[in-house]
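Heads up: the structure comes next, in C-alpha cells.
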Amino acid sequence: MHELPQQLVNGLLLGSMYGLVAIGYTMVYGIVQLINFAHGEIFMTGGFGALTVWMMLPSGSTMWVALPLMLIGAVFVATTIAVAAERFAYRPLRNAPRLAPLITAIGLSIALQQAVWAWYPGATSSLVFPEIPGGPFHLGSITIQTGDIFLLIAAPISMAFLGFFVKKTRTGRGMQATAQDPDTAKLMGVNTDRIITTAFALGAVFAAVGAVAYGLKYGEVNFKMGFLLGLKAFTAAVLGGIGNIYGAMVGGLVLGLAETLTTVYVAEIPGLEQLGGQSWGNTWAFVLLILVLLFRPQGLLGQRVADRV
Amino acid sequence: MRHRSLIAVTAALAAGALTLTACGSRDDKGGNDAGGGDTTVVIGVDAPLTGDLSALGLGIRNSVDLAVRQANEKKYVKGVTFKIEALDDQAQASSGQQNATKLTANKDVLGVVGPLNSSVSESMQKVFDDAKLVQISPANTSPSLSQGPKWATGEKVRTYKSYFRTATTDAIQGPFAAQYLFNKAGKKKVFIIDDKKTYGAGLAGTFKAEFTKLGGAVAGEGHIDPESKDFSAIVTQVKSSGADVVYYGGEYPAAGPLSKQIKASGTTIPLVGGDGIYDKKFVELAGEGAVGDLSTSVGAPVESLPSAKEFVANYEKAGFKEPFAAYGGYSYDSAWAIIEGIKAVVDGNGGKLPTDARAKVLGAVQSVSFEGVTGKVSFDEFGDATNKQLTVYKVEGGDWKSVESGTFGG
C-alpha cells in the first residue's frame, strides 16, 4: 500500500483527461440530447492537428514556442471538424427520430478514423509525439512527469473558464436557456442554431486540449486513440450526470481513480487475484457505473430531467 | 434506449470491420509480371496490412510478393505462373477466419503464408485443414498451434496436418531470454507483464517457468490492456517492486509506450520482450530511454547471413515502400517452401498439376529441405521449423543491434 499516493495521482491524471473529453459529450447532450459518438474522433483529430503543427515548425524549436502553436493547431482542427459535423451531418437530422443522428454519429466516427488512417502520412501505425524536456519531478514519494504538468494546469483552467463562460456570458446564458427549452428560448430571441454550433465548438476545444495532453503524456498519437478514450469519457459523463458540465469533470476523476485503484488493488484481495490487471480495471469501472446508476439514475451531480431520455 | 444504442454500436462495428476488410483487398497485388505459364497458381497471404501491427504485416506481404516475382522470373516451376492474393486480417481472429474461408474457396490457391498473430492462426487452422490447404506462418510462436494444447506437460499431439511455421516457438524463445538474462546479463529479479493475448501470455509463461527454475525471483506480475496507453498503475507497481528487469509478453504498439513510461517514472531498468517488440517502431515509440532494452527474435540476424544478403539487395531493388521488418526473411522462406512443394508435385506428375493438387502439395511441403535466407528450411513431425536459432538484440543508437545468436539447448 506504500505506493498509494502515486496511484492516486495516476488516477487523478487519467481522470482529468477523461473529464476534458467528457465535457464535449455532456454539453452537446445537454442542449440537443444527442450522444455525439464521433466526439472521441474529434479528440483524435485534435491530436493530429497538434502533431501537424509540430512537423511544420523548424526542427529544434523549443516547446515553449511550439506548445502554444500546437494547442492552436489542435483547437483549430478539432473545432473545424466538429462545427462541420454539426452543420452537415447533424443539423439536417435535427427533427428526425432520435436514432437517426445517433447512427450518423457512429458512422461519422468510423469515417473520421478511416480518413485519418488513409490520408494522414504514416498514420497506419502510431506516430511519435514530441515531449517536453526535463523532469521528472519528485514530491515526497510521488513522481510527476513533465507531460503530466500540462494536464495538471490545463484541466482546472479549462474547467474554470467553462464555468465562467456558461454562467456569466450572454452566449452561456443562451446555452442554459436552450438546454431548458429550445422552443421557448427561440421565442425569446435566442439564436438556437448558433448556440448549438457553439456547444459543439466548445466541446471540441476541450477535446483538443485533452488530445495535446494525451500526446505529451504518452508520447504518441494514433488513429484509434479516440475510440476507447471516447467510450470512457462518455461513461464519465453519464457517471457524473450527463448534461452537467461539472458532473463531467467529477465523473472523469471518479472513473480515472476507480480504474487505477481497481487495476492495482483488487488483485491483493485474497481470492480475487485473477480479477486484477488493466482489462479487469475497465470492467470494474463499469461495475461502478452500474452501481451509481442503480442508486442515482441521474448520475452523481445530475438533476432529474423528466422524460428526456 | 441504452440497449438499442448497444445494438447500434455492434452493428456499426461489424460494418466497420467489413469496410476494413474491403480496404485490405484493395491492396491485392499480383506478382504476374513474368507471364508465359499455362496454369496460374495463387499463394495467399494473410497478415495485418492496416492498423498498429501493419509494419510487420506489410513486410510479410512484400516478402512473399518478392519470392513470387522471382519464381516467375526464373520460370522456376515449368508451366506455372504464380500470383499472390494478400488479405488484411487487422490482427483480428474473426477477420482471419473470413480470409481463410475466402482463400480456401479460390481453387487456384495452393498455399497460404501467414498470419502474423498466433491468436489469428487459431481461428484459421481448422478451415485450412478441412480444405487440405497448406498454411505456413512466418511469425506464429505459440507452441500449442503445432503441438496441441497439452504441449507443456509433454503430451505433444499435432492437431492440424496443414499447419507449418518457419518461426521458432515460445517454448524455446521464452526460456532462451530467461537464460540470457539470468546467466549473461546478471538479472535476478524480474517483473513480468503480458497483454493477455495468446502470444503475449504464452511467452510470459514460458519465460517465467525457466527464470524461476534457474533460481531467479519474480518481483511481481501484471497484465495490461494493449488498447489503452495509460500504464501508470502498473508502472508504479514495477517501480516499488525493486525488480531489476521487466519482461513483457506482447507487441511493440504497447511495449513502446510501456518502456517509455517505466523510464519516465524514474527507474532505469530495461524492458525485455520477444520478437513482437523487435521492430524499429518500438525504438521510436519508447524514445530515448529505450537504450539498453532487449528483445529476442527467431533465427540469426537476416542481414548477417550470406544467403540473406541477396534477399536484402533484391528487396531493395524491387522498390517496396515498406521495410521487410522482423519477419521478412521468414515470409520469403515460407513462400519458397510452398513454391518448392508445388515444384515437387508438378515434376512428379509429368509437368502438370494433379487434380488433388492441394493434398499433394501439403505432403510435399512436409518434406521440403532447402537453404533459405534464414538458414536451412525444413519441418519436423509437428510442422515446426527445424532451425531453432535465436538472437538477442539491444537498443543502441536508435535501432536494434544484435548482441549474440545461439541455439537453445533445452
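Every number here is computed from the coordinates shown, using simple stated rules; none is lab data. Because the structure is a prediction, the values reported are computed rather than measured. Here the Cβ is made from the backbone with ideal geometry for all residues, glycine too, and neighbour counts use every protein chain on show.
Taking label points 7 Å from Cα along the Cα-to-Cβ direction, A:Y120 and A:M56 give a separation of 1.5 nm. Across the stretch B:89-210, the convex hull enclosing all Cα atoms gives 100 Å³ per residue. Quick note on the stretch B:265-410: its Rg to Rh ratio, both from C-alpha atoms and Rh being the Kirkwood radius, is 1.08. Panel note: the C-alpha atoms of the stretch A:116-225, placed on their principal axes, show extents of 54, 44, 16 Å (largest first).
With respect to chain B, whose longest principal axis is taken over its alpha-carbon atoms, helix B:170-179 is tilted by about 40°. Rounded to the nearest 10 degrees, the inclination of helix B:2-26 to the longest alpha-carbon principal axis of chain B is 50 degrees.
By the beta-carbon count within 10 Å of each Cβ, the least crowded to most crowded order of A:T184, A:T26, fewest first, is A:T184, A:T26. When the protein assembly as shown is described by a simple charge dipole with +1 on each Lys and Arg Cβ and -1 on each Asp and Glu Cβ, the residue from B:N106, A:M17, B:L58 located farthest towards its positive end is A:M17.
Here the sum of -39500 (n - 2.57) over DSSP H runs of 4 or more residues, divided by the residues of chain A, equals -23500 deg cm²/dmol at 222 nm, to the nearest 500.
Once you list every other residue whose beta carbon is under 9 Å from the beta carbon of B:V190, what net charge do they have if Lys and Arg are +1 and Asp and Glu are -1? Neighbour charge sum, excluding B:V190 itself: +3. Sorted on the mean count of surrounding Cβ atoms within 10 Å across their residues, most packed first, peptides B:171-177, B:234-240 read B:171-177, B:234-240.
Taking Lys and Arg as +1 and Asp and Glu as -1, the other residues whose beta-carbon sits under 12 Å from that of B:T168 total -2. Using Cβ point charges alone (K and R +1, D and E -1), the dipole size of the stretch A:16-227 about the Cα centre works out to roughly 580 debye. DSSP finds beta bridges in chain B, and of those with both partners inside it, around 35 percent are antiparallel.
Protection proxy ranking, highest mean first, for peptides B:367-374, A:5-12, B:180-187, A:223-230: A:223-230, A:5-12, B:367-374, B:180-187, where packing is the per-residue count of other beta-carbon atoms within 10 Å, averaged. By the count of other C-beta atoms within 10 Å, a proxy for reagent exposure, B:H223, A:H39 are ordered fewest to most as B:H223, A:H39. For the segment B:220-227, counting C-beta atoms of other chains within 10 Å of every residue's C-beta and taking the mean gives 5.
Considering chain B, its Cα convex hull presents a mean projected area of 20.5 nm². Based on Cα contacts under 8 Å between residues 6+ apart, chain A shows a relative contact order of 34 percent. The label-point distance for B:K184 and A:F165, in a model that sets each label 7 Å from Cα toward Cβ, rounds to 5.7 nm. Treating r as the C-beta distance of B:K107 and B:T153 and R0 as 25 Å, the FRET efficiency rounds to 0.05. Based on DSSP H segments of at least four residues, each scored -39500 (n - 2.57), chain B has a per-residue ellipticity at 222 nm of -13500 deg cm²/dmol. Measuring spread by the Cα atoms of the stretch A:186-282 yields a radius of gyration and Dmax of 17.8, 62 Å. Legend: calculated FRET efficiency, B:V403 to A:V287, from the Cβ-Cβ distance at R0 = 41 Å, rounded to 0.05, equals 0.35.
Here the protein assembly as shown is treated with +1 on each Lys and Arg Cβ and -1 on each Asp and Glu Cβ, and its dipole about the Cα centre works out to around 1380 debye. Compared with the alpha-carbon gap, the fully stretched path from B:A217 to B:K321 is longer by 33.0 nm at 0.36 nm per residue.
Taking other residues whose beta carbon is less than 9 angstrom from the beta carbon of B:L362, and scoring Lys, Arg as +1 and Asp, Glu as -1, yields +4. Rounded to the nearest whole Hz, the Karplus-based 3J(HN,Hα) values (6.51 cos²θ - 1.76 cosθ + 1.60, θ = phi - 60°) of the stretch B:284-289 follow the sequence 5, 5, 7, x, 5, x, with x at glycine and proline. Within the stretch A:16-227, the proportion of C-alpha pairs whose separation exceeds 25 Å stands at 41%. For the pair B:K376 and B:K126, label points projected 7 Å from Cα toward Cβ lie 3.7 nm apart. Taking only the C-alpha atoms of the protein assembly as shown, Rg followed by Dmax gives 27.1, 90 Å. Take each residue of peptide A:215-222, count the partner chain Cβ atoms within 10 Å of its Cβ, and average: the result is 5.
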